[in-house]
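For reference, the structure is listed below as structure tokens.
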Amino acid sequence: MAETDALRRGSGQDGANVADRHLAALATGGDGDAFDLLIERHLASVQRLCWSMLSNRPDAEDAAQETFVRAWRCLGRFDTQRAFGPWLRGIATKVCLQMLRSRGRHSDREMSLDASYHEPAAPEPVEASPLARRAVEALATLSETYRLPLTLFYLEDASVAEVAEALEISQGAARVRLHRGREQIREILMERGTDDGTT
Amino acid sequence: MERLDCEITERLVHLKLDGELRGDDQRLLTEHMDRCEDCRRLHEELSQVDGALREGLGALEMPEPDIDGTRQSIQRARRFRPSWSRWLPAAAALLLVVTVTLIALPRLGGPGSVAAAPAMVVSGGDAMHVFEPDQRTAQSRQAGTELQEHSVAWGLGGEPILLEFVGGARVGLSNEAVVRIGRKSIDLFKGGLRVDLENAGEDFTVVTPWGEFSGPGSLFIVHSDADGGSARIDVYSGEVTVNSRGTQRVLAEGQTSTLKPDPERAITL
């Protein structure tokens, strides 16, 4: 545990990545304390990603927990030369995609179940400029086709290639979706800017 | 001078925001925008969208993450055993006992045969590795199980487990690892190992088809790819001596090496 205590400390992105890799190595060897620390370090970012993708807080919490369960089960396949966070969020993306596909199959039933549900549809930015808040609101109105790649690109700071890999689409398709999604948000912001007299 | 129409310019603006605009295209974009008011305005608006999304998504207010709930989910997952896990270890054990017995028969009773003294103890973890010839299945509730020298562990999935050798070496097995236990060594046939020799009181060697590794006081991971075509070693602390394909070298902390199969070190079950 002394080793994991030492790993809890760590500064900077490089230090964090090194600490993650050490913790993952310890967890691979069966060290539950090390995996608990990985949960502490990454649960918030995974949950944020899941909520942004699913636009539903209870589902996002379930997806985040499922992400860590799957990560624990396949730790032996984690490439310790890669950063742990992106690997974990790749699992989270797959979990969310499966939940979204499942939602699609059961959409009629879920709509009736959700009729009285009043949780916020998506997380909201605090301490952000009015334009940034409006952009996030506009993002939430887009279809999944455009919302998911934009979320991964901006929230996770992913490259086009990483977006394509996460969504299991070609890089060309990812690029087109990013461009069209960005264009749709521009149009929404322009319309609202005209409506309320701001840009 | 090359000219761009506005439709192409719009695409270049998006590529710029994607981080994929190359030098020549950047120059063409700049030159076109110097001449075209509409495209200059489009570039400005899309850049604002870009900045607003980055700022807005970075400032999302999230509830306190449920760390305890997540830990409990993992505890439940550890306890869960799919139905096939009840009979598959036994089936694999039966297969292995036949194989290992056939291999071990010539050694039994002969000069230099190894006494079946306890070589190690399962000291933690939660797994479905089957150890032969004792037909022991390493699971968390069997922590403390003594294993015999020459036992073969066959991973059947489940969580990694941790083995502690009598000399103090601690070895974690990935869930798909197949290994054979020695008194001061371990043979890895496939999968991965995490080898902790920081508290080992005596020499310990990891033998694999890709090379042989030793390093008193070190901590390293060896992992083979799915088809066994290569393996990688990552050194986390100390120094590890690597013997492979007729050469010897030392890897220091933080160093990594990818190895191809060593014909002289082919080992079989």
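A short reminder: the numbers here are calculations on the coordinates, not readings from a lab. Computed from a prediction, not measured in an experiment: that's the story for all the values here. Neighbour counts are summed over all protein chains in view; Cβ atoms, including those assigned to glycine, are modelled from backbone coordinates with ideal geometry.
Partner chain Cβ atoms within 10 Å, averaged over the residues of A:75-88 - can you pull that number for me?
Averaged over the peptide's residues, the number is 3.
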Original post:
Under 30 Å Cα-Cα from B:K260, which lysines qualify once same-chain neighbours fewer than 8 residues away are excluded?
Top reply: B:K184, B:K190
**OP:** Note down the nm distance, to one decimal, between modelled labels 7 Å out along Cα→Cβ at B:R245 and at A:A140.
**Re:** 5.7
Original post:
If we sort B:249-257, B:19-27 on the protection proxy, mean other Cβ atoms within 10 Å, highest first, what's the order?
Top reply: B:249-257, B:19-27
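Which FRET efficiency value, to the nearest 0.05, do you get for B:M62 and B:R11 by plugging their Cβ-Cβ distance into 1/(1 + (r/R0)^6) with R0 = 41 Å?
Given R0 = 41 Å and the Cβ-Cβ separation, E is 0.70.
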Subject >> In nm, spacing of pseudo-spin labels at B:T258 and B:D25 (7 Å Cα→C-beta vector) >> reply: 2.8
**OP:** Give, in nm to one decimal, the length gained when the segment between A:A161 and A:E191 is fully stretched (0.36 nm per residue of separation minus the Cα-Cα distance).
**Re:** 7.6 nm
